[in-house]
Structure formats: C-alpha cells, structure tokens
Amino acid sequence: IIIPPQLLIVPLFRQMLAPTFWALGALAALGLLSQSLSELDIIVDQRQSAIVFRLGEVVDVKPEPGLYFKVPLLDNVRYFDVRILTIDTPEAERFLTSEKKNVLVDLYVKWRITDVRQYYVSVRGEEASAQLRLQQTINDGLRAEFGNRTVHEVVSGERDQIMDLMRDKANEDAK
C-alpha cells in the first residue's frame with residue numbers, strides 16, 4: 001500500500017501545531033477572564049461619586065470612596081466630580097440700578113454636587129448644563145436685586161445681603 005505524501009503531511013502538521021493552538025487558546029481564555037473580572041468592580045475615588053445604572057435605570061448611588069461590585073453586561077457606571085467647582089464669568093456683567101445707572105459686576109460662583117441622584121435627574125449629569133442653569137439663576141437674581149437698589153446701596157451698604165439672597169436663590173433652584 002502506498003500512502004500519498006499529502007496524507008502524511010497533514011497529521012504531522014497537526015502534531016506540530018497542537019501545542020501552539022493550546023497556548024493561544026489558554027492566552028485567549030486568560031484575557032477573557034481578566035476582562036470579565038475587571039468588569040465586575042467599580043472603583044470610586046475620594047473625589048467622585050458614582051451612579052450605577054441597570055439597563056438604563058438608576059439602581060444605586062455610590063457616594064463614598066471604595067471598591068464596589070456590579071453585574072457585568074447589565075450594569076453601567078457613571079462617575080461625577082464632587083469637588084468644589086467654579087463658574088467664572090470671562091467679562092464683567094452690566095446691571096442697571098433703580099437709578100437707571102450701569103454697574104459692572106465681575107462675579108464667580110463656587111458650587112459642588114451634594115446629591116448625585118438629584119443632579120443626574122435635573123441636568124442629566126451634564127456639568128455644562130448645570131453651570132448654565134446656575135449662571136442664569138444668578139444673573140436673573142442680580143438683575144432683580146440691582147433693579148431695586150441704588151448704586152450706593154449696591155456698592156457699600158447691602159452687598160452682603162445681595163450675596164446671601166443669591167446664595168439662597170441658587171440653592172433653592174438647584175434642589
């Protein structure tokens with residue numbers, strides 16, 4: 001019986017490549033295992049809070065730093081900065097007093113997220129939207145307050161009162 005050379009080469013080729021396929025298969029399995037294990041954990045930094053979504057719905061809020069676990073493929077995590085943030089206007093704003101005189105006001109706002117769930121519900125977690133909303137609230141409030149006061153009251157006498165009113169108004173609007 002004569003065996004064609006093609007039939008002899010195929011088993012020999014399979015024997016030579018079998019260890020290589022096992023090694024590649026083991027490497028692929030190890031890679032998949034490490035990837036799936038990394039999708040099990042949530043690491044929340046001390047400067048962050050996290051919201052866990054399951055199929056798009058908020059199921060948990062992680063306000064404290066630490067290591068938490070999630071369900072892979074079902075849970076998604078979104079992180080939010082809870083440090084003090086700043087809104088600074090690039091140019092001074094012009095406001096009219098009760099005397100119809102212009103007052104230039106350079107202002108800045110310091111703010112931070114205290115309730116991550118409410119923040120997400122209010123502005124969909126968009127920092128730019130939150131800043132715009134705060135800036136509009138402050139500008140509207142300042143226009144109303146400056147319109148009721150004279151230049152002297154604004155500059156010297158009732159500045160602290162105006163700042164307290166704006167802080168209360170901004171806090172109320174943020175809730």
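The values are calculated or read from the model by the stated rules, or taken from the named source; none is laboratory data. Just so you know, these numbers come straight off a predicted model, no measurement behind them. Quick reminder, even Gly has a Cβ in these numbers, built from the backbone with ideal geometry, and neighbours come from all protein chains shown. Calculation scope for accessible area: heavy atoms of the full protein, side chains included, ligands and nucleic acids excluded. Shrake-Rupley method; radii C 1.70, N 1.55, O 1.52, S 1.80 Å.
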Hits among lysines - C-alpha to C-alpha of Lys110 under 25 Å, sequence gap 8 or more where chains match: Lys62, Lys169, Lys175
Estimated FRET transfer efficiency when R0 is 41 angstrom, pair Leu74-Ala144 (beta carbons, to 0.05): 0.30
Other-chain or far-sequence residues with amide H under 5 Å of Glu93's (modelled H): Val105, Asp106, Leu107
Val121 accessible area, assembled protein chains, probe 1.4 Å, Å²: 90 Å²
Residues whose placed amide H lies under 5 Å from that of Lys70, excluding near-sequence neighbours: Asp41, Ile42
Linear extension gain, Leu24 paired with Asp173, 0.36 nm per residue minus alpha-carbon span: 47.8 nm
Linear extension gain, Leu32 paired with Lys101, 0.36 nm per residue minus alpha-carbon span: 17.9 nm
Within straight-line cross-link reach of Lys101, aspartates and glutamates at Cα separation under 19 Å, skipping those fewer than 8 residues along the same chain: Glu91, Glu93, Asp140, Glu145, Glu153, Glu158
Accessible-area composition of the range 41-104, carbon plus sulfur, in percent [1.4 Å probe]: 51 percent
Contour excess over end-to-end distance, with Cα ends at Asp45 and Asp81 and 0.36 nm allotted per residue: 12.0 nm
Viscosity 1.567 mPa s, 4 °C: Kirkwood-radius Stokes-Einstein D of the chain over Cα pairs, µm²/s: 60 µm²/s
Cβ-derived FRET efficiency at R0 22 Å, Leu165 paired with Gln131, nearest 0.05: 0.60
Heavy-atom accessible area per residue - the chain, 1.4 Å, Å²: 73 Å²
